[in-house]
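Everything on this sheet refers to the single structure shown next.
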Amino acid sequence: MLEQQDTYILAIETSCDETAAAVVKNGTEVLSNIISSQINLHKKYGGVVPEIASRKHIENINPVIQEAMEQAGLSFEQIDAIAVTYGPGLVGALLVGLSAAKGLAFALEKPLIGVHHIEGHISANYIANPSFHPPFICLVVSGGHSHLVHVRDYGEYEILGQTRDDAAGEAFDKVARALGLSYPGGPQIDRLAQEGDPESIHFPRAYLEEDSYDFSFSGLKSAVLNYLNQAKMKQEEIHIPNIAASFQEAVTEVLVDKAIKAAKEKNISKIAIAGGVAANQGLRKKMEHRCKQEGFALQYPPLILCTDNAAMIGSAAYYDYKKGIHHGWDLNAVPNLKLGQKIDVSK
């Protein structure tokens, strides 16, 4: 019996403000994972400026790819495929990574594999725990996305719910801005929440319709802003840690409740969380507590794989590669790409 050959994938991720490249072996072993963050560049604007992000990606992309290859200790000839995020994300940022990936794939005569950004976040759990496999329920929460997904198999997804307005991470950032905290706001609120009382202020929980798995955080965000405005008008003391803790409690309670409900109704024993907000300590602790209480196995990635990175893109691409899925030179950036949306392949 022939031994299975190792598969090496060079992955590129530029969907927002991180320029990232990684080399992943067999879908779960990360040989390199280089991330060039633009947080300090965008901090003074209170959020990501798309045009600035795109220009910075152009400056960073080649050095980041080169560093990823050097750290992995491989030559370009040893790479089996080139993977790249093609959506969703900022269109200008996506195009930088996509152009670099196409150029490499064409020059090296290697398959080009386009990866959905959210699928990458889900796949970060395979890196964290190679024995973890579908089916499972995955809660994907980040600055731009709130998805509750039934992962039926590798590359096979049923979207149970998603945000109707503000994503969870977006709500964190907007509330943080109102509290005078620096960008990105999520980690600041998480830190302050540890010092506050989560039951000091009751902010609303939007569960929506009884059978809905969708999320809505716009009303909660407005409730926090109204609380702050009323406190200022009445010249009452504003205790920021208590506001942070109470707001975070309102967000995480809904996220965890819906994930647990989905796992019960789908009769699935495993739950995973992914995305930038999966780094939130309040969410992790609450999900750990509830999963232990309800008898579900819980999986989440290390912090470095929660925020945008290329290793997760390489992991997702590996399972497509094994299925013979690759894309043609007409692959384009799709800023509003839906999870599970398929385009023509193997051109």
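Before moving on, here are some points about what is shown:
- Some residue of region 336-346 being without any contact (Cβ under 8 Å) to a residue 60 or more places away in the chain and assigned by TED's automatic domain parsing to the domain that holds GLU199: no
- Residue in region 42-63 that is closer than 28 Å to GLY324 by Cα and out of contact with any Leu (no Cβ under 6 Å at 6 or more places or on another chain) present: yes
- When residues in region 44-56 are screened for being in a helix (DSSP H, G or I) and within 20 Å of the chain's Cα centre (by Cα), 3 of them pass.
- Condition met for GLY180 (modelled with pLDDT of 90 or more and either at positive phi or among the basic types (Lys, Arg) (or both)): yes
- Those residues of region 280-305 which are buried (at least 23 other Cβ atoms within 10 Å of the Cβ), over 21 Å from PRO135 (Cα atoms) and aliphatic (A, V, I, L, M), in sequence order: LEU283
- Inclusion of ILE268 among residues that are buried (at least 19 other Cβ atoms within 10 Å of the Cβ), under 25 Å from the mean Cα position of the chain (by Cα) and either in contact (Cβ under 8 Å) with a residue 24 or more places away in the chain or over 23 Å from THR163 (Cβ atoms) (or both) is not warranted.
- Flag for SER182 being of a type in the set (Gly, Ala, Ser), assigned to a helix (DSSP H, G or I) and within 26 Å of the chain's Cα centre (by Cα): no
- For the criterion of being of a type outside the set (Lys, Arg), crowded, with 23+ Cβ neighbours inside 10 Å and outside the structural domain of ALA168 (by TED's automatic domain parsing), VAL96 passes.
- Residue within region 164-177 that is buried (at least 20 other Cβ atoms within 10 Å of the Cβ), touching a Ser or Thr at 6+ places or on another chain (Cβ under 6 Å) and hydrophobic (A, V, I, L, M, F, W, C) present: yes
Okay, residues lined up against (1) more than 16 Å from ALA128 (Cβ to Cβ); (2) modelled with pLDDT under 95:
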{"site": "GLU236", "(1), (2)": "yes, yes"}
{"site": "ALA245", "(1), (2)": "yes, no"}
{"site": "ALA263", "(1), (2)": "yes, no"}
{"site": "GLY314", "(1), (2)": "no, no"}
{"site": "ALA317", "(1), (2)": "yes, no"}
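- Of all residues in region 132-147, those being in contact with a Gly (Cβ under 9 Å, 6 or more places away or on another chain), surrounded by 24 or more Cβ atoms within 10 Å (Cβ to Cβ) and not small (Gly, Ala, Ser) number 4.
- Consider region 125-163 and keep the residues that are in a strand (DSSP E or B) and hydroxyl-bearing (Ser, Thr, Tyr). The one that is farthest from the chain's Cα centre (by Cα) is TYR157.
- Some residue of region 66-79 being buried (at least 19 other Cβ atoms within 10 Å of the Cβ) and touching a Phe, Trp or Tyr at 6+ places or on another chain (Cβ under 6 Å): yes
- Residue list for region 233-265, restricted to those being of a type in the set (Asp, Glu) and either closer than 18 Å to ALA279 by Cα or part of a helix (DSSP H, G or I) (or both): GLU249, GLU253, ASP257, GLU265
- Selection from region 164-179 of residues that are part of a loop (DSSP other than H, G, I, E, B) and in contact (Cβ under 8 Å) with a residue 60 or more places away in the chain: LEU179
- Qualifying residue in region 81-103 (condition: outside any helix (DSSP H, G or I) and on the phi > 0 side of the Ramachandran plot): yes
- Scanning region 233-251 for residues that are acidic (Asp, Glu) and buried (at least 18 other Cβ atoms within 10 Å of the Cβ) yields one hit, GLU249.
- Of all residues in region 193-215, those satisfying the criterion of being more than 17 Å from HIS147 (Cα to Cα) and either crowded, with 20+ Cβ neighbours inside 10 Å or more than 25 Å from the chain's Cα centre (by Cα) (or both) are ALA193, GLU195, GLY196, ASP197, PRO198, GLU199, SER200, ILE201, HIS202, PHE203, PRO204, GLU210.
The values are calculated or read from the model by the stated rules, or taken from the named source; none is laboratory data. Not measured: the values here are computed from a predicted model. All Cβ positions, glycine included, derive from the backbone under ideal geometry; neighbour counts span all protein chains shown.
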